1. Which residues, taken from region 281-314, are touching a Ser or Thr at 6+ places or on another chain (Cβ under 9 Å) and among the hydrophobic types (A, V, I, L, M, F, W, C)?
2. Can you go through L114, L157 and tell me which one is touching a Lys or Arg at 6+ places or on another chain (Cβ under 9 Å) and either under 28 Å from S330 (Cα atoms) or not in a strand (DSSP E or B) (or both)?
3. Could you list, in sequence order, the residues of region 194-217 that are of a type outside the set (A, V, I, L, M, F, W, C) and surrounded by 17 or more Cβ atoms within 10 Å (Cβ to Cβ)?
4. Cβ contacts < 9 Å: first residue over 22 Å from A76 (Cα atoms), restricted to region 330-349; second residue among the hydroxyl-bearing types (S, T, Y) and part of a loop (DSSP other than H, G, I, E, B), any location; separation 6+ or different chain. Result?
5. If we keep just the residues of region 176-193 that are closer than 17 Å to H145 by Cβ and hydroxyl-bearing (S, T, Y), which is surrounded by the most Cβ atoms within 10 Å (Cβ to Cβ)?
6. Which one is surrounded by the fewest Cβ atoms within 10 Å (Cβ to Cβ) among residues in region 222-254 that are under 15 Å from the mean Cα position of the chain (by Cα) and among the basic types (K, R)?
7. Only one of G309, G321 is more than 13 Å from the chain's Cα centre (by Cα), under 28 Å from R85 (Cβ atoms) and not basic (K, R). Can you tell me which?
Amino acid sequence: MKVQSAPHAAHGVHAIRWATAILAAAILACPSQSAEPPLTPKLPHPTAPHHKLVPDWPRLPKDHVLGLCSGVGVDAQNRVFVFHRSGRSWTTPFPKDPISEPTLSILKADSGELLASWGAQRFVMPHGLHVDREGNLWLTDVALHQVFKLTPEGTPLLTLGEAGVPGCDADHFAMPTDVAVLSDGSFCVSDGYRNSRVARFDAQGKFLTSWGSKGTGPGQLQLPHGIAADAHDRLYVCDRSNSRIQLFDSKGSFLAQWSGPHIGRPYGISVSPTGTLFAIDGGDPALPAAQRGKVVELDAEGRLLDSFGAPGSGPGQFQTGHDIAVGPDSSVYVAEGAGARVQKFVPLH
C-alpha cells in the first residue's frame, strides 16, 4: 500500500513521516481490517548457521532399506520414528498392494542405532508422521486415503477414512498428508493433495469442522502438506504449492501468512521445545538454488532466526526435504524424499 504525500508539499518529508505514522497506528489498532494479510518481513540471512550436522547418523544395518523418507517424529524418550517407503516409488495410479517390507523404523536419537521396525504389509504409500504428547503415532497414507493412530509398537488405536476410497466429507479424505494434535486431544488433518482443506476431529475421532478451499487467497490452500500446533493451539500449515506458511486459530480462522525467499516452499513444519518453528523447504524451482532446499528456524512472529542446508546430495544438503522434527533436546531431524535418508542436526552452543 502506498502512502500519498500531502497536497502543498511544503513540508515534504515531515508530511510523509506523519502520514506513515498514522497509517501504522491504524493497522496496529485494527489488524483485522488490514487490506492485505500480514506477511513476514524479508530479513537477511543469518551471518552463520546455528546448527551443525551430526556425521554418520543413523547407523543402520546394511540390509535395512529406508527408501523415500516421508515422515519423521521424536517422542519424549528421545526415540526417532521414521515413516518410509522401503524402495517403493511414487507412481500414478498408485499401487494397490501393501509394501512388503517394514515402513516404520525406530532409532536411538544419540547413536542412530535401529531399535525396532514394523509396518510390513500395512501401508501402500506412507506419508505423514506425528508423535503426540502421549507418545502415540499418527500416520497418513495417501494411497489408502486414511489416517491412523497407533501405539509406538504399532497397535491400532483409531482409523479414519475408507481404505482406497477418496472423498471430501466427515468420513473420507483425499490423499491426507499430516496430522497435528491440539492440547484438548482434538486433532487436525491436512487433507491434502486433492481436497486442499484442514479437517478437525475431537479426541475420539468425531468430525467437528473443516476449512479451506483451493486457491491463493488468505485462508485458501494449494496442497496443505505439513501441519503443526503450538502450545497456544495455533496451527501452522505448509501451503506447499503457494510457497507459504499460513497460520490459523484452532477453529480455522485465518491469522497470518508468511512467505518469501527466506522461507521458500515449505513441505514440513515442527514446533521446538522452546516454541520456535522449524520448516523444511523442499525446493521451489522458481527460486535460485541459493534460496531453496534449506531448513529455516522462525520465531512466533515469523522472523528468521536461522537457516542451514542447501540443495544437493552431500552431507548437510537436502534432496527434496519432505518432513522435519525437533527432539526434546532440540536436535533437528530432516526426512528426505529423493535423498532417501534422515539427517540429524544439533544446535551450536
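1. A286, L287, V295, V296, L298, A300, L304, L305 - these are the residues of region 281-314 that are touching a Ser or Thr at 6+ places or on another chain (Cβ under 9 Å) and among the hydrophobic types (A, V, I, L, M, F, W, C).
2. Values: L157 fails: either under 28 Å from S330 (Cα atoms) or not in a strand (DSSP E or B) (or both).
Of the residues listed, the single one that is touching a Lys or Arg at 6+ places or on another chain (Cβ under 9 Å) and either under 28 Å from S330 (Cα atoms) or not in a strand (DSSP E or B) (or both) is L114.
3. Taking region 194-217 as the starting set, the residues that turn out to be of a type outside the set (A, V, I, L, M, F, W, C) are 194-197, 200, 202, 204-206, 209-210, 212-217.
Listed by number, the residues that qualify are R194, N195, S196, R197, R200, S210, G212.
4. Listed pairs, sorted by first residue: E336/T320; G337/T320; A338/S313; A338/T320; G339/S313; G339/T320.
5. S190
6. R234
7. Working: G321 fails: more than 13 Å from the chain's Cα centre (by Cα).
None of the other options fit; the residue is G309.
Rundown of residues vs (1) over 16 Å from T177 (Cα atoms); (2) part of a loop (DSSP other than H, G, I, E, B), yes/no style:
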residue: G217; (1), (2): yes, yes
residue: H232; (1), (2): yes, yes
residue: Y236; (1), (2): no, no
residue: S241; (1), (2): no, no
residue: L247; (1), (2): yes, no
residue: S250; (1), (2): yes, yes
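The values are calculated or read from the model by the stated rules, or taken from the named source; none is laboratory data. Values in this document were obtained by computation on a predicted structure and should not be read as measured data. FYI the Cβ positions are ideal-geometry reconstructions off the backbone, even for glycines, and counts take in every protein chain you see.
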